[in-house]
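The values are calculated or read from the model by the stated rules, or taken from the named source; none is laboratory data. In this text the structure is predicted, and so the values were computed from the model without any measurement. Backbone-built Cβ (ideal geometry, glycine too); neighbour counts: all protein chains shown.
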Amino acid sequence: MARDKITFMASETPQADAALRQLRERYDDAGLDRADVIVVLGGDGFMLSVLHETRDLHLPIYGMNQGTVGFLMNSFSMDDLVERIQAAELTVVHPLEMVATDAAGIEHRAMAINEVSVFRETRQAAKIRISIDDHVRLDELVCDGVLVATPAGSTAYNLSAHGPILPLEAEILALTPISAFRPRRWRGAVLPSSARVRFDVLDSDKRPVSVVADNQEIRNVVQIEVIEDLAAELHLLFDAEHNLEERILNEQFVP
C-alpha cells in the first residue's frame, strides 16, 4: 500500500500545534480526502480520538509523540519523515465492540481500542455478575469496577489496575477487577479473544453503574456485552526499532 501522500492531525496543545506548523512548512499536506497515511501529533489520548474519528477511512496512522504519554506514538523528529513512514512496520489492531443496555432498556453501541471499563456511580460498591460465552463464571463481584482490555490497551488502565500485560499477537483479552472487595482474592482472568463477556449489574437501583468504552461513557447501565470485532481493523505504523510488540515486551521488564 502506498504511503506517499501525508496528512497531519494535531492535538490542541501549543506543543503539538507548533510541531504541526513546522511539519507543514517542510512536507506537503495532501488533505484527509487524498492521503495515503495520517500523521498524528499528540499523546495516546489524542491518538485514540483520531482512530475513532477516522476508522471508516481505513488509512494507516503514524503517530509522533507531542503529549505526556506516548505508548502508541513514535518519537518526534522533523527529519526524514517520508523515509520513516515508508520503513515503518504495520500493526493491525482489532477493537472491542460494546453493547450496553441502560435502565430504560435502550441499547448503546461503542467501539473500544484500549478497554471497556465498568464503574460504580455512588459511594456503594457495585455488584456485578460475570458470564463468559453465556456461562456464569462469577455469581457476584463486589467491586469499584471491572474492565476488559485488548493487548494494545493492556499497558494502559488495565496495568494500573494490576492487570496482565498482553503480547500483541497472543489473541487474548484481560478481564481485570478494579478494587475487588468480594471475592477479595480474585485477580481477574485471561480470556481468548473470541470470548463474549457479559456483565449483569445486580441491585442496579441501589448500586448504579456506568460503563466507558475508551472515552465514551454511558450511565445507569444494567447489562454490558463485550466482544472483539474481527471485522474492524485499525492500522498503526511504528518505527521498526521500537514497534508496539517490542514496547509491550519492554514494559514487562520495567523495575
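A few notes on this one:
- In the stretch 81-102, the count of residues that are of a type in the set (Lys, Arg), within 30 Å of Ile224 (Cα to Cα) and not assigned by TED's automatic domain parsing to the domain that holds Ser193 is zero.
- Test: residue in the stretch 87-104 that is free of Cβ contacts under 8 Å to residues at least 40 places away in the same chain, buried (at least 18 other Cβ atoms within 10 Å of the Cβ) and not in a strand (DSSP E or B): no
- Criterion (out of contact with any Cys (no Cβ under 8 Å at 6 or more places or on another chain), modelled with pLDDT under 95 and closer than 30 Å to Pro192 by Cα) met by exactly one of Gly70, Gly31, Gly105: Gly70
So that you can scan it fast, the table gives a plain yes or no per residue for (1) assigned to a strand (DSSP E or B); (2) more than 29 Å from Thr54 (Cβ to Cβ); (3) not assigned by TED's automatic domain parsing to the domain that holds Leu59; (4) not acidic (Asp, Glu):
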site: Asp200; (1), (2), (3), (4): yes, yes, yes, no
site: Ser204; (1), (2), (3), (4): no, yes, yes, yes
site: Arg207; (1), (2), (3), (4): no, yes, yes, yes
site: Ser210; (1), (2), (3), (4): yes, no, yes, yes
site: Glu217; (1), (2), (3), (4): yes, no, yes, no
site: Ile224; (1), (2), (3), (4): yes, no, yes, yes
site: Leu237; (1), (2), (3), (4): yes, no, no, yes
site: Glu241; (1), (2), (3), (4): no, no, no, no
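- In the stretch 34-67, the qualifying residues are those that are in contact with a strand residue (DSSP E or B) (Cβ under 9 Å, 6 or more places away or on another chain) and of a type in the set (Gly, Ala, Ser), and the one that is modelled with the lowest pLDDT is Gly67.
- Those residues of the stretch 56-78 which are loosely packed, with under 13 Cβ neighbours inside 10 Å and not small (Gly, Ala, Ser), in sequence order: Asp56, Leu57, His58, Thr68, Met78
- Selection from the stretch 105-138 of residues that are surrounded by 13 or more Cβ atoms within 10 Å (Cβ to Cβ) and either over 24 Å from the mean Cα position of the chain (by Cα) or not assigned by TED's automatic domain parsing to the domain that holds Val221 (or both): Ala125, Lys127, Arg137, Leu138
- Here Asn250 does not qualify as under 17 Å from Gly63 (Cβ atoms) and either in the same structural domain as Ala103 (by TED's automatic domain parsing) or not acidic (Asp, Glu) (or both).
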